[in-house]
Amino acid sequence: MTEIHADFEQSLSSYFTNIDPDDLKTIVSFFKPELLKKNDFFLRSGKKSTKLSFIKSGLLRIFCETEKKEITQWISTPGYFVTDLSGFMSDTPARWEIQALTDTELYTIHKTDYEKLSNKIPQWHILEKNFIVHCFTTIETRVYSHLSMTAEERYLSFFNENPQLFNQVPLQYIASMLGMTSETFSRIRNKIASGNF
């Protein structure tokens, strides 16, 4: 294992619980360092999603453009994976654009190497299932929060979990991600700042 993968191995172990250390090292060995410059695209909509990446540093925005507006689905931060998961797993064109908001360091595995893991690791089918469940549980939690919380609650919850983002990315991206207009977002932000919340 190369030195650059040491921190990645530690982070990856949280996604694959109870994994054999040798199997973890095998998985890590298939990921290669990748650098995206600010504004570079990780993925374009309509293209096949051929890689899965772990964010070491930097920020990536997942978004789409409709006839009426641009919608930010999520802003991916260090410590998380990024891909168009359904496209990566089912070999279908991506629905989302994924673009670097800052210079971004990644650990990336390409689809061809990902498919080799089943031959390298006997328990891969179990590990992969747990990994996918972990990803979908994260998505379901976001959807539940989005549907069950008021706009103010969504704002506060996201701010408490990601305060640094409010100084790192355009606020209209966060507003869109939280399902708000820029006007509603600003009203809530001003209300909280004034202590009237």
- [ ] Could you list, in sequence order, all residues of the stretch 119-152 that are surrounded by 12 or more Cβ atoms within 10 Å (Cβ to Cβ), assigned to a helix (DSSP H, G or I), at pLDDT 90 or above and of a type outside the set (F, W, Y)?
- [x] K120, A151, E152
Open item on the list: Just the residues that are in a helix (DSSP H, G or I) and without any contact (Cβ under 8 Å) to a residue 40 or more places away in the chain, please, taken from the stretch 176-191.
Closed with: S182, E183, T184, F185, S186, R187, I188, R189, N190, K191
Task: Qualifying positions in the stretch 106-118 - of a type in the set (S, T, Y) and surrounded by 14 or more Cβ atoms within 10 Å (Cβ to Cβ) - done: Y107, T108, Y114
Task: Residue ID - nearest to the chain's Cα centre (by Cα), chosen from residues in the stretch 98-109 that are in a strand (DSSP E or B) and not small (G, A, S) - done: I98
TODO: Taking the residues in the stretch 156-197 that are over 17 Å from K69 (Cβ atoms) and of a type in the set (A, V, I, L, M) as candidates, determine which candidate is most open to solvent (accessible area, probe 1.4 Å).
DONE: A193
TODO: Give just the number: which of (1) assigned to a loop (DSSP other than H, G, I, E, B); (2) touching a residue at least 60 places away in the same chain (Cβ under 8 Å) does R95 not satisfy?
DONE: (2)
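Just wondering, is there one or more residues in the stretch 56-78 that are basic (K, R) and surrounded by 19 or more Cβ atoms within 10 Å (Cβ to Cβ)?
Quick first cut of the stretch 56-78, residues basic (K, R) only: 56, 61, 68-69.
Adding the requirement that they be surrounded by 19 or more Cβ atoms within 10 Å (Cβ to Cβ) leaves 61.
Among the residues of the stretch 56-78, at least one is basic (K, R) and surrounded by 19 or more Cβ atoms within 10 Å (Cβ to Cβ), which makes the answer yes.
Here is a yes/no grid of residues against (1) under 21 Å from E128 (Cα atoms); (2) outside any helix (DSSP H, G or I):
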residue: F8; (1), (2): yes, no
residue: D22; (1), (2): yes, no
residue: K25; (1), (2): yes, no
residue: E34; (1), (2): no, yes
residue: F54; (1), (2): yes, yes
residue: C64; (1), (2): no, yes
residue: W74; (1), (2): no, yes
residue: G87; (1), (2): yes, no
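The values are calculated or read from the model by the stated rules, or taken from the named source; none is laboratory data. Since we're looking at a predicted model, the values are computed, not measured. Cβ sites come from the backbone with ideal geometry, for glycine too, and all protein chains shown count toward neighbours. Ligands, DNA and RNA are excluded from the accessible area calculation, which covers all protein heavy atoms including side chains. Shrake-Rupley method; radii C 1.70, N 1.55, O 1.52, S 1.80 Å.
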